[in-house]
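Since every read-out is calculated from the coordinates, none of them should be taken as a lab result. Note that this is a predicted model, so its numbers are computed, not measured. All Cβ positions, even for glycine, are placed from backbone atoms using ideal geometry, and neighbour counts span all protein chains on display.
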Amino acid sequence: MVTTTYQVQGMTCGHCVSSVSAEVSAIKGVSDVQVDLATGQVTVTSESPLDIETVRAAVDEAGYDLVGA
Ligand SMILES: [Cu+2]
């Protein structure tokens, strides 16, 4: 298992958190997503390392910006 923390910009409420969680959880191999609304940190647990562009696309799909990992 690999755990990576990403920095996401633009989340303001619980709805934002669930949108990001849903999109990132849908990435193949992801088993857990924890979002900290206060800091914008999204911690993702996956079977193997994820391509950051895949994670970026999922965050973008939810309507937010991935600004770092
Ligand atoms: Cu929101």
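As a rough guide to protection, the peptides 11-17, 29-35 ranked by mean Cβ packing within 10 Å, highest first, stand as 29-35, 11-17. In terms of overall dimensions, the chain has a Cα radius of gyration and Dmax of 10.4, 30 angstrom.
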